[in-house]
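Notes to accompany the following structure.
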Amino acid sequence: MRHPHRPLLGALMMAAVFACSSDDPTTPTTPSGPIAYLTFSGNASDQSGNGNDGTLMGGATAAGQLVVAGDTDYLLLPSTVMDGLGNFTFAAWLRIDTFNGDYHEILSGANAVEDNVVAFWYAEPTGEWRIRINDTDGVFPADATIEDGLWHHIALTRTGNTARLYVDGTAVGGSIAVLGDALDIDPGGLIFGQDQDVLGGGFQATDAWDGAMDNLRIYGRALSAAEIQTLAAEAH
């Protein structure tokens, strides 16, 4: 993905930040039924019971949280976790540690033909959250910056042609329109913490997450606002 650079815009800080502790739940909390659930308690094992263990790549670490820095660190999950999904939810606790005026990629799904099957990232130049499906962008309102070095719970849902963003359990603006295509992700193409310009590679330091992730969950449905609030209130 090649991100066009834009002038830096001011953005309002989120007033509410949920507390973060070091105790990971040992079993998935409600809402139940994640396809994959990773707490990064020393490894990238899947706690959902579905066997969707991740692989730490480059210098990524998982000593209580996933830490990704630079353009070689990332988490690789089996493509089957999101391949074929129409409706879905991504939810995780996120923290940006290095602010470089660029882009912070959270999720990148690709196949051999299309490197932007699905992408989700925070654009530091504009303070915007963006989703891209089959090379078509959707932009959430620029009023949910997390540029404070603190943990924030972030959830992204898609139902058909509609996507929603939640920051610390609160919906950001209304829904936005996105392509409703089912995701077509090839093996080796479901990556967290980097942006793919080709299947499984083409990483750039300006697109790295440069921070930490915790309690990462993927669902094959769009969670409700109440369910997301439950996740945002958990200890992690």
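Would you work out if the stretch 88-200 is rounded, prolate or oblate? Take a ≥ b ≥ c from the square roots of the eigenvalues of the alpha-carbon gyration tensor; rounded if a/c is under 1.5, else prolate when a/b is larger than b/c, oblate otherwise. Oblate.
Under a Cβ-Cβ cut-off of 13 Å, what is the net charge of the residues other than T170 that fall near it, where Lys and Arg count +1 and Asp and Glu count -1? Local net charge: -1. Values of log10 I(q)/I(0) for the chain across q = 0.07 Å⁻¹ run -0.18, by the Debye formula with one identical scatterer at each alpha carbon and no solvent. Computed from backbone phi with θ = phi - 60° and the Karplus coefficients 6.51, -1.76 and 1.60, the 3J(HN,Hα) list for the stretch 38-45 is 10, 9, 6, 7, x, 7, 10, 6 Hz; x is used for glycine and proline. Residues D143, D135, ranked from the fewest to the most other C-beta atoms within 10 Å, line up as D135, D143. Residue order for S48, S175, S108, fewest other beta carbons within 10 angstrom first, comes to S175, S48, S108.
Laboratory data are not the source of any read-out in this text; all were calculated from the coordinates shown. Only a predicted model underlies this, so the values are computations on that prediction, with no experimental measurement involved. Methodologically, a virtual Cβ is constructed for each residue, glycine included, from the backbone with ideal geometry; neighbour enumeration extends over all protein chains shown.
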